[in-house]
Amino acid sequence: MTARGIEAIKLNTQTKVSKLSADVKVETQQCNTIEILNDKDTKTTTMSPIERYRFEWQELLKILDEQPGRIREYGFEGHLKTSKFRSIYWSVMLRVLNEDYRNWKLQRAQQRQRYKRLKKDFVKNPHELGDLNTNDNPLSQSSQSIWNQYFNNQELFAIIGQDVVRTFPGVDFFRKSPIQNAMCNILFYYAREHPYMSYRQGMHEILAPIIFVMYGDHQSLLHFKEVTDAEVIDTILANVLDPDYLEADCYFIFSRVMASIESYYRVNNVLSSEWNLKTNGLMTKDNAESTDEATESGVIAHLNSIRDKILAKEDLHLHNYLLKLDIPLHIFGIRWLRLLFGREFTLLDLLALWDAIFADSDRFDLPNYIVVAMLIRIRDKCKYQMDIILLSDYTTCLTYLMRYPSNVDVGLILRHALHMQMPKKYDRPANAFVYFTMPSRRQGMHSAAMTKMSGPSQHKKGERDQNAHSMSGGKDTSLDLEKEVTLLQVRNAADAALLARLKPAANEESHVIMDGYAKNNPDLERLELKNAQTVITVARNKLQTYLHTIRRYITKPNSTEVMNALDGIEELCQYLDVKFMFPLHSCSAPIDQALEANEQQQREEKRKTNKPPLVYARCDHSTEKANQIVGTSAQATYEKPDNGFMLQSSRILGHLKEIELLTIASSEKTRNPVNEINNGLPAVDPLTLKD
Amino acid sequence: MEDYKFLFKIVLVGNAGVGKTCLVRRFTQGLFPPGQGATIGVDFMIKTVEVDGDKIKLQIWDTAGQERFRSITQSYYRSAHALILVYDISCQPTFDCLPDWLREIQEYANCKVLKILVGNKTDRDDREIPTQIGEEFAKQHDMYFLETSAKEAENVERLFYEIAAELIDQARRKDGTSAVNKNSMDAIGLGSLGTKASQNSCCSGFNSNSNQCTS
C-alpha cells in the first residue's frame, strides 16, 4: 500500500535529490498523464538545464506581474510537474506567499521570525530555567506548570516520533535524521499551536510530500548556484528558497494545508459537523437530523454527503451498489482524505494531484470530487471485462477500495473531478465513465428526447434537418428533461438511503453477524434489478443520442457498410427497449396483473388487424409523406407503453415500507407530448409486435 | 459465492506501534516488512484457513492505534466475533493503556465477544512486561493470552488458528450439532466464553483440541 509511494520516491531519490535538475527527462517520461506542454515549455526543452532554470524563474515572476490567476491554471493543467519552483507555486496558491513577489522577502522574514518564537514559547526546559514559580515542581498536574508541560511535551514528541520514523518506510530521504527531526519539530509546533487538533496519525504523511518538494527546490537552487556566478542569482530567489529555513518554510505550507483539511482529522463530534456544514456547504438538513450521523465524526458525515450529493448524481448505480453491499465510504475514504490520497498514488502522481487541489480553493472542494472520480474510475476501468466494483462481492470490492489499483491514470481522474466540479470550464474526459448525467448542454442533444426517434425515417435528410431544428429550438424541452432526470436521481437516492436505513434495523434482530450484506435479500435484489433496468434505459437513450449525432454529421453515408452499422445500432436500440419483467414480485408482495397502458387495447387492435404495424417496414426509402402518414396513424393508435414494473413497483419493499420507485422510463409519460418529436413511430416493444 | 463454512470477523486494537499491522501481514501474507507505515483509519485483510477440514474465512480488521472506537470503527466492533487486544512487551505504556481499551470494548463491543490479549514483539530483548504479568491481566479480565513475535513469526499462525477453532467450537456448541452453516452464524459470539476462560488454569491455553495451527 505504501509501497507505491515509496517506489516512486525511490525512483526519484536513487539519483540523489541534488541532481534532480538532470532528471527532467525521467520525470516527464513518468508523468505521461496530463499532456499539454505549451509553446513556452517546448521552447525550454532546447535550453540547457541552467538556462531553463533561470528562464522558469523569470517566467514565474512575469506571470505573477501580468496575470497571477494563470498560476492556478498551471496547477490544474499539470504544468508544475517538472517545475523547480513547485514549493513557491504551492506557497502562492495556498496564500502562504503573496502574489506580489516584491513582498516575499518580508513575508518570509516575518514567518521565520514567528516560527522562531514558537520554538521559544513551546519548548521550555525546566532544567534550564532558574526562576521557576515556587509552586511548580515535577509532580505538578497544573496546566500552568512548566514541569507538567515539559513531560507532556516529551510524550507528544514520542508519539510524533513513532510515526515520523516510519514515514514512507524504505525511502532513504525520510530515513535521514535531519529530515526526521525537522518533521518532528514541525508536527510538534503544529500540535502545540493548535491544541484542539494536537497531533493525529496521518498528519506526518501530509507533511512528508511538502518537505520533499521544498527540499528538492532547495537542492535545485544549490545546484544552480554551484554552476553560475553568485551575482546572477536573484536575491528574492535566494531568500525564498533559503535551505537554512526548510523547517520554518515547510511549517507554514503545512499549517495552511492542515487548516483546509482539519475537519478530516477532528473527532470532536458536534463541533466538526457544524464546521463541516459551514465550510463545505455539503451537509443537508437530512443529514443533520439523523441522530446517528449527528454523533459521528465530521469526516464520516462529510464522506456520506459526498456519497449522497456527488456520487449519487454522477453514478447512481454505483452509489446504490455500495449501499447494498453496506460499504460506507469512510472505510477507505478516511484514509483517502486524511492523507489527501497519499497512499493511493505514486508520489509523482500525487504531487500533480496536489497541484490541482491547492490551485482550487482554500476550501479544498476538489478532493470531494476526486473521491468520486476515483470510485467511478475503477468501476470503469474494467468495463470491458467486468465491472470490478459493481459485479464483485463484498470482499473483492472492499479489497480494491482498500488497495486502490496502481495502474489508474491520475490525469483522467483529475480531469473527471474538475469536470464534475466545474462542468462549464472543463469538459468531461472523453473516456470517463458516463452513467447518469446528461450530455453537456451545448451538444443540444438530449437522450430522453431521443427515445421517440426510433423511426428509420431519419435517413431522410429533410427529416433530419427538421429534427435537428426542433431539437436545438427545444431548449425548454432539454431543460425540463434535465430537471426531470435530477428529480429522478434524487428520488432514487432517497430510496436507496431508505433501504440502507431499513436494512441494519432488520438485520439487527436476526443476525448478530453478517457477511457484509444479507444474501438473497429480496429488497436489495429488487433495488439491483431496478438499477439494471435503469442502465438499460439509459443505455438505449444514449445510443439513440449518439446515433442521431452521427447521422447528423454523416449526411450521406458513402458506403453500405456504414449504413448497415447505423441500422444495426438502431436495431440495438429497439432491442434495448424491452418490457421489464419483474419476476421477483411473485416472491413477496401480491401483484396485480401488470398490464401496460393501452396494452389491452393494443392486443385487441392487433388481433383485429392481424398484421404487424408498419414500424419494421423498411421505410428507409419511402417518402417523407408516407412516413408522416405512418407516424400520425401510429400516434393515434399507440401510446408509449408504460413500464409494467415501474407502475407496480410501489410495493417494492413488501411489508417493510412502500417506496415509489421511478426511472426515466416511467417518467416519459409525464412529459408534455407537445415536445415529442413526431417524426416517426413511437418506441414500440418489438416483442409485442411479433405476435 | 465462495465456498466456506464460516466467516469470522476479527478486529485488532491496541496502542499505536505495537505491531497490529505486522501481525496481520505476517499472518495473511507471510511478510514482515522492515518498515510499516502507520495505519490510517482502518485496514482490511482476508484469509481463508482450514480447520478440521472446514474452510473458514477470516475477515481481519486492522485499526489505527490512535483511533478510538467512537470516532470511526464502532460498527465493526459491534459485529466482531473476536477482538485481539495487542500490546508491546517492550513498552510499558502500551500495557498501561489496556484498561482504557477494555473500557472501550465493554462499551462498544458485543459483551460476549471472544477477547484475546496479545503481547507482541517477543523478539525484542528489552522486555518490560514479564509474561506472567500479561497472563494475570488476561485472567482477571476473562481473556485468552498469547505472546507473539510478528518478526520471528512466533505464535502468529497459532493465534489466528486457535481463534478460528474456538469460534467454530462456540458455534457448534451453541447449535448443538456439527452441521453448522453460514446461516446459523448468529449463534457465534453468544457462547459461554467468560466462565470458560476463568476456569482455565492456564491463561495461554486455547482449546487443547485445536492443533491446526501448525499448518
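Taking the criterion of being at pLDDT 50 or above and among the small types (Gly, Ala, Ser), the residues of segment A:407-450 that qualify are A:GLY411, A:ALA417, A:ALA430, A:ALA432.
Of B:VAL51, B:VAL18, B:VAL42, which residue is more than 26 Å from A:TYR400 (Cβ to Cβ), within 11 Å of chain A (Cβ to nearest Cβ) and in contact with a Phe, Trp or Tyr (Cβ under 8 Å, 6 or more places away or on another chain)?
Details: B:VAL51 fails: within 11 Å of chain A (Cβ to nearest Cβ); B:VAL42 fails: more than 26 Å from A:TYR400 (Cβ to Cβ).
Result of the check over B:VAL51, B:VAL18, B:VAL42: B:VAL18.
Among all positions in segment A:170-184, there is at least one residue which is part of a helix (DSSP H, G or I), at pLDDT below 90, within 14 Å of chain B (Cβ to nearest Cβ) and closer than 30 Å to A:ILE261 by Cβ.
A quick yes/no check of all residues on (1) more than 27 Å from A:SER255 (Cα to Cα); (2) among the polar types (S, T, N, Q):
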{"position": "A:MET47", "(1), (2)": "yes, no"}
{"position": "A:ARG54", "(1), (2)": "yes, no"}
{"position": "A:LEU64", "(1), (2)": "no, no"}
{"position": "A:GLN67", "(1), (2)": "no, yes"}
{"position": "A:ARG72", "(1), (2)": "no, no"}
{"position": "A:HIS79", "(1), (2)": "no, no"}
{"position": "A:SER83", "(1), (2)": "no, yes"}
{"position": "A:LYS105", "(1), (2)": "no, no"}
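Within segment A:527-552, can you find the residues that are among the polar types (S, T, N, Q) and under 14 Å from A:TYR575 (Cα atoms)? If you could, list the steps in order and put the result at the bottom.
Filtering segment A:527-552 for residues among the polar types (S, T, N, Q) gives A:531, A:533-534, A:537, A:541, A:544-545, A:549.
Residues satisfying the conditions are A:GLN533, A:THR537, A:ASN541, A:GLN544.
Looking at the structure I just gave you, is A:LYS313 in a helix (DSSP H, G or I), over 18 Å from A:ILE331 (Cβ atoms) and at pLDDT 90 or above? In short, yes.
For segment A:123-164, the candidate set comprises residues that are assigned to a helix (DSSP H, G or I) and of a type in the set (Gly, Ala, Ser); within that set, the residue that is modelled with the highest pLDDT is A:GLY161.
Only one of these is touching a residue at least 12 places away in the same chain (Cβ under 8 Å) and more than 17 Å from the chain's Cα centre (by Cα): B:PRO93, B:PRO130. Name it.
B:PRO93
If only residues of segment B:29-39 that are at pLDDT 90 or above and surrounded by fewer than 17 Cβ atoms within 10 Å (Cβ to Cβ) are counted, the one that is farthest from the other protein chains (Cβ to nearest Cβ) is B:GLY30.
When the strands (runs of 3 or more DSSP E) confined to segment B:53-141 are screened for residues that are surrounded by fewer than 23 Cβ atoms within 10 Å (Cβ to Cβ) and at pLDDT below 95, those reaching at least 3 such residues are found at B:54-63. Among all positions in segment A:187-204, there is at least one residue which is of a type in the set (Lys, Arg) and either crowded, with 21+ Cβ neighbours inside 10 Å or closer than 18 Å to B:ALA38 by Cα (or both).
A single entry from A:ARG95, A:ARG117, A:ARG72 fulfils the requirement of being under 30 Å from A:PHE224 (Cβ atoms) and part of a helix (DSSP H, G or I): A:ARG72.
The values are calculated or read from the model by the stated rules, or taken from the named source; none is laboratory data. Remember, predicted model here, so these are calculated numbers, not experimental data. All Cβ positions, glycine included, derive from the backbone under ideal geometry; neighbour counts span all protein chains shown.
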